[in-house]
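To start, the structure under review is shown below, and the notes come after it.
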Amino acid sequence: MQNLTENPAGSLAFAWRSTQNRETAYVEIAPFRSGPDFSELVERFNAEHHQVYFHGLTDHYFKATVGELTPDTRYLVRVGSDCCRSEWFEARTAPEAFEPFSFIYVGDTQNDILSYAPRVYRNIATHFPDARFVMHAGDLVLSSGDDDTWGEFYEAGSWLFRQIPQFPAPGNSDHNRWTLEPVDTRKLYPQWHATFNLPGNGPEGLEGVTYYVDYPGMRLISLYSNFESMADDRHIYIREDLRVTHELVASQTEWLENVLASNEQPWTAVVFHHPVYTARNDRENEWLRNEWKDLFDWYGVDLVLQGHDHLYSRGHGPDSLETGSVPVYAISLAGPKMRPADKNHTWFDVVHEGIQMYQAIHVSEKELRYEAFGQKRELLDAFVIARDSNGTKHFTDLWNN
Ligand SMILES: [Fe+2]
């Protein structure tokens with residue numbers, strides 16, 4: 001697993017797991033060569049070991065971050081130990097300054113992952129091989145699963161997860177159903193914290209779920225939205241001993257405001273699981289709108305990327321400051337669990353049902369171009385946000401025009 005660091009131009013982050021504890025686990029890195037003759041250039045960095053005991057199984061996880069690298073440079077990397085190592089795979093640092101780049105956004109994979117998610121990841125890898133990272137809007141795995149659900153996730157992403165950094169936000173199904181009685185208790189899978197090597201710059205207690213990265217040109221923000229029912233009848237935990245409280249939610253919103261207020265990047269994308277505007281008639285997320293929407297409007301967030309509804313929709317909110325501006329809200333899904341949209345909702349301009357999708361976002365100084373695809377690579381949505389010399393944003397719908 002490769003992830004973005006806080007300094008993507010100068011460092012690379014990796015995490016992996018094994019059924020056995022390898023005392024000498026490490027990451028090895030070398031400057032990229034087209035041929036195999038680079039052994040004298042290899043540098044080795046020891047990995048941190050984490051142990052996860054879950055449903056009778058103990059897995060060993062490892063993390064290593066390599067720094068002092070050259071911006072916009074390809075490297076060859078492998079991870080493991082003396083006995084068992086990965087293949088040499090490619091990794092690439094970000095440029096030091098803004099250069100045009102593309103990234104991918106996907107929604108829930110969640111159900112029957114190994115049967116249905118691989119073709120999405122393969123389409124992403126072949127359609128957009130130069131994408132710089134993949135954003136996940138939560139529900140990567142199944143809430144009622146055992147460790148196999150994480151095994152399926154790893155195998156589904158395969159070498160794509162090693163070669164392209166993943167930028168995940170946790171969904172409700174990334175929490176395991178711990179107990180139903182006397183209190184419905186859900187805990188973020190311990191595998192989450194072990195699987196990803198994410199920046200620790202979130203608010204205290206929310207490290208590893210709430211974080212941001214400045215990829216040159218765009219501030220990327222992951223938020224924790226799983227606080228929909230902090231009533232007495234449900235307890236939600238981020239770690240074994242850390243229950244989500246109203247104070248924690250408030251500290252995240254305060255953190256979000258600081259991160260948006262200090263943003264010097266021309267573009268901003270926020271990813272989290274529950275939609276600010278749902279497209280389902282059996283759902284309503286007013287609590288989320290109350291918490292964050294005004295901040296998104298005030299600070300001019302460009303993209304709000306979400307999942308959870310098991311369909312695709314895109315639009316401006318019904319109570320947006322100004323239709324045709326930002327933010328643009330999108331909901332997508334990559335997995336097989338499908339739900340119908342409520343056509344009475346008026347906030348979205350595009351809706352698709354029953355299609356596994358992926359989105360490519362192309363970012364340059366003057367415009368952000370968004371495209372959504374089905375698995376035949378058919379275009380299913382497109383829009384552009386242009387940015388003029390004053391920094392003012394202008395939205396153009398390419399799908400409905
Ligand atoms: Fe969900």
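Read-outs throughout are calculated quantities, based only on the coordinates presented, and are distinct from any laboratory measurement. None of these values were measured; they are calculated from a predicted model. Using ideal geometry, Cβ is built from the backbone for each residue, glycine included, and neighbour counts are taken over all protein chains shown.
Worth pointing out:
- Among LEU305, LEU198, LEU295, residue whose mean-square fluctuation peaks in a GNM of the chain (springs only between Cα atoms under 10 Å): LEU295
- Only Lys, Arg (+1) and Asp, Glu (-1) charged, at Cβ; region 1-96 dipole about Cα centre in debye: 260 debye
- Legend: Rg and Dmax of the chain, from Cα coordinates, 20.4, 64 Å.
- Charged neighbours of ALA382, selected by a Cβ distance under 9 Å, balance to -2 (K, R count +1; D, E count -1).
- Cα Rg over Rh - region 170-242, Kirkwood: 1.03
- Neighbourhood charge, 10 Å Cβ-Cβ cut-off, centred on ALA279 and excluding it, Lys, Arg +1 and Asp, Glu -1: +2
- For region 90-247, taking Cα atoms only, Rg and Dmax work out to 16.5, 54 Å respectively.
- Positive dipole terminus of region 82-215, leading residue within PRO129, VAL213, ALA169 (C-beta point charges): PRO129
- Computed extension length for LYS366-LEU242: 40.4 nm, one decimal, from 0.36 nm per residue of separation with the Cα-Cα distance subtracted.
- Restricting attention to region 98-397, lysine pairs at least eight places apart or on different chains and with alpha-carbon atoms under 23 angstrom apart total 5.
- Evaluated at q = 0.17, 0.26, 0.30 Å⁻¹, the base-10 log of the normalised Debye intensity for region 30-88, with identical point scatterers placed on the Cα atoms, takes the values -0.71, -1.24, -1.39.
- A Cβ-based charge dipole, computed about the Cα centre of the chain with Lys and Arg at +1 and Asp and Glu at -1, lands at about 920 debye.
- Computed over region 26-174, the P(r) curve from all C-alpha pair distances, binned at 5 Å from the origin, holds 2, 8, 15, 19, 19, 17, 12, 6, 2, 0 percent per bin.
- Farthest towards the positive end of the charge dipole of the chain, among the residues ALA47, LEU256, LEU333, is the Cα of LEU333, using unit charges on the Cβ of Lys, Arg, Asp and Glu.
- Most to least packed among 82-91, 274-283 [average Cβ atoms within 10 Å]: 274-283, 82-91
- Region 187-218 versus region 30-98: alpha-carbon centroid distance in Å: 19 Å
- Difference of contour (0.36 nm per residue) and Cα-Cα distance, GLU23 to GLU254: 79.1 nm
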